[in-house]
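Taking it in order: structure first as structure tokens, then the write-up.
All of the numbers you see were taken from the coordinates with simple rules; none came from a lab. No experiment lies behind these values; they were computed from the predicted model shown. Quick reminder, even Gly has a Cβ in these numbers, built from the backbone with ideal geometry, and neighbours come from all protein chains shown.
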Amino acid sequence: MSSTMRAIVQDAFGGPEVLRLAEVPRPVPLPTEVLVRVHAAGVNPVDWKTRGGSGMAGVLGEPPFILGWDVSGVVEEAGFGVTIFEPGDEVFGMPWFPRQAGAYAEYVTAPARQFARKPRTVGHEAAAGTPLAALTAWQSLIDTARIGSGQRVLIHAAAGGVGHLAVQIARHAGAYVIGTATAAKHDWLRSLGADEVIDYTTTRFEDAVGDVDVVLDLVGDERDRTSTRSLRVLRPGGLLVAVPSGVAPELLDRAREQGVRATGILVEPDGAALARIAELIDKGELGVEVEELYPLAEAADAHRRGEQGRNRGKIVLSVA
């Protein structure tokens, strides 16, 4: 096996043009870690935000570094102490987040328990588009909000990477699901399980819906004060989970004044939850939409596409 690998490296913060294909040293697994040969890597908003100097840039520090957290691939080597995987196993995961995982590369290493076995019924491309988005939805709705049967859940940006999975997870939990999206995506969202869909370009969502138990806000206050406006649609004691930018003190104060709750969330690696998500995929109860697939060398173009916004589902890099 070669001691080097191809990877997308950036040497400075900036636009997509800072991403370049390079030969770098191949990582070596430490005890409890696995070396995974990456077949595909998911592209997420946090990737291009970090590339530009925000997102997780404060965690990664100054470039050079390798972006990416979503991976699907095959275990090449298992470090000392690893008992749950062996070479040849197909796995997927979101290792190390928010520290560097280096998923835009031919190999990654990470603790074995940050991975799960890849769903049997989908390819590596769909599996690579799953972990960060599905874990964000799962940890927001199941672990944090603890939604249950009959609850009313409003999901902003319901057609995006996290949103379309959140719709399906909420439906699986028995919730009544309401989503915001452009009109062209309404039929698709209904096919995923949305009970109501609101076109945010023509209708103020607070004029169309109320008495909501949980709002999953994947937009944030930066865009038309979506988080603040969402407080108005919550029932007394209801919960706003704000993902992109968290909850500012002013928003917390306003939530308390209105008799509702608000919290931010940052997704964490969780192999056990990924195993449950894989079961739902294999049962046909959860599906990942991959809108566009790019070769690893065209990571910059994948970022340009993602930054345009309004994509349906996920963007993925084909690596192996």
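Quick check for me: using +1 on Lys/Arg Cβ and -1 on Asp/Glu Cβ, what's the dipole size of the stretch 185-320 about its Cα centre, in debye to the nearest 20? Walk me through the intermediate numbers first.
Values: 18 positive and 26 negative charges, 40 e Å.
In total the dipole reaches around 200 debye.
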If I model the stretch 256-320 as equal point scatterers sitting on the Cα atoms and use the Debye formula, what is log10 I(q)/I(0) at q = 0.26 Å⁻¹? -1.05
Two-decimal ratio, the stretch 56-198, of alpha-carbon radius of gyration to 2.2 N^0.38 Å: 1.20
Rounded to the nearest 500, what is the 222 nm mean residue ellipticity of the chain from helices alone, with -39500 (n - 2.57) per DSSP H run of 4+ residues and division by all residues? -6500 deg cm²/dmol
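Which links in LYS49/LYS118; LYS49/LYS314; LYS49/LYS283 stretch past 23 Å when you go from one Cα to the other? Before the final figure, lay out each step's value.
Numbers: LYS49/LYS118 27 Å; LYS49/LYS314 16 Å; LYS49/LYS283 34 Å.
Distance filter (> 23 Å) returns LYS49/LYS118; LYS49/LYS283.
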Of SER230, HIS124, GLY284, which is farthest on the positive side of the dipole of the chain, counting Cα position, with +1 on Lys and Arg Cβ, -1 on Asp and Glu Cβ, and the Cα centre as origin? SER230
Running Debye on the chain with equal point scatterers at the Cα sites and no solvent, what base-10 log of I(q)/I(0) appears at q = 0.06, 0.12 Å⁻¹? -0.20, -0.78
Residue by residue, what Karplus-based ³J(HN,Hα) values in Hz, rounded to whole numbers, does the stretch 225-239 have, using 6.51, -1.76 and 1.60 with θ = phi - 60° and x for Gly and Pro? 6, 4, 5, 4, 5, 5, 4, 5, 8, 7, 6, x, x, x, 10
Distant-in-sequence amide H partners of GLU77 (H built 1.01 Å from N, under 5 Å): LEU35
Considering amide H positions built from the backbone, and no H for Pro or chain starts, which residues 5 or more places from TRP69, or on another chain, come under 5 Å of its amide H? ALA103
When only Cα pairs under 8 Å and 6 or more residues apart are kept, what is the percent relative contact order across the chain? 20 percent
Per residue of the stretch 30-43, what does 6.51 cos²θ - 1.76 cosθ + 1.60 with θ = phi - 60° give for ³J(HN,Hα)? Whole Hz please, x for Gly and Pro, Karplus curve as stated. 8, x, 6, 9, 10, 9, 10, 7, 7, 8, 8, 9, x, 10
Calculate one ³J(HN,Hα) per residue across the stretch 113-129 by plugging θ = phi - 60° into the Karplus curve 6.51 cos²θ - 1.76 cosθ + 1.60, and present them in order as whole Hz with x for glycine and proline. 7, 8, 10, 9, 5, 4, x, 6, 8, 10, x, 5, 5, 5, 4, 5, x
